[in-house]
Amino acid sequence: MTRMTLQRLAGPGLVLTICSAAAAAPMPREGNFDFNYCVAGRSEVMQVSDQAIVGSSEGTAAIISNIPGGPFDGQGSHCMGTWAVIDGQFSASGYCVTLDADGDKFLMDYKSGPYPAGQPEHGMWTATSGSGKYQGVVAKGSYKAIVQVVPAVSGGFQSCNRNTGTYKLK
């Protein structure tokens with residue numbers, strides 16, 4: 001399991017936060033995953049009409065396995081995507097780069113909708129590219145929002161999504 005150590009360094013008028021992560025425990029070459037993906041970020045909005053609103057989003061996420069020490073536990077992720085609500089139907093797509101404690105990364109491609117706006121967000125994702133241990137990764141999963149959090153900033157969004165699926169490392 002990845003453990004984070006937080007240290008605060010303070011000087012006159014300066015506060016730095018440094019996070020160091022212990023090396024990740026070896027992950028099995030293939031298996032199932034079940035994790036919560038808690039994401040926060042900001043969204044840009046362009047309203048065309050009452051029936052057409054589109055936007056882009058950027059956020060960061062923490063992965064917290066529902067199986068202690070399970071696959072992808074403690075990893076961080078950075079996402080960019082687009083979304084739309086057209087004639088009451090929501091859809092979204094984008095990419096996330098996920099990073100583990102060893103510095104290895106993989107690319108997630110997510111898609112959701114179309115489905116009626118106002119439903120908890122849900123969709124599918126795949127991973128087909130990566131570096132280090134994730135080079136040649138094949139993963140697929142589904143996600144569904146389990147908690148919509150009141151955004152802490154104007155134009156922001158926050159939620160936790162449950163992700164389940166399978167993966168295979170090369």
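The numbers here are math on the coordinates, done by the rules we state, and not lab data. From a predicted model like this one, the values you see are computed outputs, not experimental measurements. Don't worry about glycine lacking a Cβ; one is built from the backbone with ideal geometry, like all the others, and counts go over all protein chains shown.
Tell me, what is the FRET efficiency for SER154 and MET124 to the nearest 0.05, using R0 = 30 angstrom and their Cβ-Cβ distance as r?
On the way: r = 30 Å, r/R0 = 1.01.
That pair, SER154 with MET124, gives E of 0.50.
Taking a virtual spin label 7 Å from the Cα of THR166 along the C-beta vector, which residues in the stretch 120-141 bring their backbone nitrogen under 20 Å of it?
Counting only backbone N, you get 123-130, 134-141.
By count of other Cβ within 10 Å, fewest leading, how are MET108, MET124, MET46, MET27 ordered?
Values: MET108 23, MET124 13, MET46 10, MET27 18.
Going from least to most buried by this count: MET46, MET124, MET27, MET108.
Provide the per-residue ³J(HN,Hα) series for the stretch 133-149, in order, calculated from phi with Karplus coefficients 6.51, -1.76, 1.60 and θ = phi - 60°, each as a whole number of Hz, with x at glycine and proline positions.
3J(HN,Hα) across the stretch 133-149, in whole Hz: 5, 8, 4, x, 4, 10, 9, 8, x, 10, 9, 8, 4, 10, 8, 9, 9.
In the chain, what is the volume of the convex hull around the alpha carbon atoms, normalised per residue and reported in Å³? Mind dumping the intermediate values first?
Working: hull volume 21.5 nm³, N = 170.
Value for the chain: 126 Å³ per residue.
Please enumerate, by chain and number, the aspartates and glutamates with C-alpha under 20 Å from the C-alpha of LYS133, excluding those fewer than 8 residues away in the same chain.
Correct list for LYS133: GLU30, ASP34, ASP73, ASP100, ASP102, ASP104, ASP109.
Distance from the Cα centre of the stretch 47-75 to that of the stretch 87-108, in angstrom?
If we compute the Cα centre of each part, the gap is 7 Å.
Apply the a/c threshold of 1.5 to the C-alpha gyration tensor of the stretch 26-82 and tell me whether it is rounded, prolate or oblate.
Values: a/c = 3.71, a/b = 3.07, b/c = 1.21.
It is prolate, given that a/c is not under 1.5 and a/b is the larger ratio.
Shape of the stretch 116-170 from its Cα gyration tensor (a ≥ b ≥ c, root eigenvalues): rounded if a/c is under 1.5, otherwise prolate when a/b > b/c, or oblate? List each step's numbers first, then the result.
Details: a/c = 3.33, a/b = 2.03, b/c = 1.64.
Here the stretch 116-170 falls in the prolate category.
Through the Karplus equation 6.51 cos²θ - 1.76 cosθ + 1.60, θ set to phi - 60°, convert the phi angles of the stretch 60-66 into ³J(HN,Hα) values in whole Hz; use x for Gly and Pro.
Those phi angles translate into 10, 9, 10, 9, 10, 5, 7 Hz.
Using θ = phi - 60° and the Karplus relation 6.51 cos²θ - 1.76 cosθ + 1.60, list the HN-Hα couplings for the stretch 73-88 in order, rounded to whole Hz, with x at every Gly or Pro.
Whole-Hz 3J(HN,Hα) from phi for the stretch 73-88: 4, x, 7, x, 9, 10, 10, 9, x, 10, 8, 8, 10, 10, 6, x.
Taking amide H atoms as placed 1.01 Å from N in the peptide plane, list the residues 5 or more away in sequence, or in a different chain, whose amide H sits under 5 Å from that of ALA117.
GLN89, PHE90
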